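Trainee: Sharing a structure here in structure tokens format.
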Amino acid sequence: MSQLLTDGEIDAALAELPHWHRAGRSLVRTIEAPTFPDAIALVDRVAVVAEEANHHPDIDIRWRKVTFALSTHSAGGITESDPALARRIDEEARHSGP
């Protein structure tokens, strides 16, 4: 099982992930794509990197806004896998606008 990050480790990770915030036991980011098809394309790209990492985000799609919530459910909170996937999502988001 993955080791939960401490509050200090989470804060340090978030300092390097300016678009993300902590919400309870998850890291969360909402991305607004230029169009609905762009939002779906972003989800498709994130699905590929999540599958590669064997770590899958909770995803909420509301028109052009896509919210990603990252938590290691098996560990009951935030592990190193979560900021690692957040960085990958940020890379994919660069292809979708802001």
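Trainee: Anything in the stretch 45-98 that is within 13 Å of the chain's Cα centre (by Cα) and assigned to a loop (DSSP other than H, G, I, E, B)? List them, or say none.
Mentor: Listed by number, the residues that qualify are His55, His56, Pro57, Ser71, Ile78, Thr79, Glu80.
Trainee: Provide a single number: the residues in the stretch 59-87 that are modelled with pLDDT of 95 or more and open to solvent by 80 Å² or more (accessible area, probe 1.4 Å).
Mentor: Qualifying residue count, the stretch 59-87: 5.
Trainee: Within the stretch 1-25, can you find the residues that are more than 14 Å from Ser81 (Cβ to Cβ) and open to solvent by 90 Å² or more (accessible area, probe 1.4 Å)?
Mentor: Within the stretch 1-25, Asp7, Asp11, Glu16, Pro18, His19, His21, Arg22 qualify.
Trainee: With the structure loaded, tell me whether Ile31 is under 14 Å from the mean Cα position of the chain (by Cα), open to solvent by 60 Å² or more (accessible area, probe 1.4 Å) and at pLDDT 95 or above or whether it fails that test.
Mentor: Numbers: under 14 Å from the mean Cα position of the chain (by Cα): yes; open to solvent by 60 Å² or more (accessible area, probe 1.4 Å): no; at pLDDT 95 or above: yes.
The answer is no for Ile31.
The values are calculated or read from the model by the stated rules, or taken from the named source; none is laboratory data. All figures in this text were calculated on a predicted structure; none of them were measured in a lab. As a convention, Cβ positions derive from the backbone with ideal geometry for all residues, glycine included, and neighbour counts pool all protein chains shown. Side chains are part of the model used for accessible areas, which takes the heavy atoms of the whole protein and leaves out ligands, DNA and RNA. Shrake-Rupley method; radii C 1.70, N 1.55, O 1.52, S 1.80 Å.
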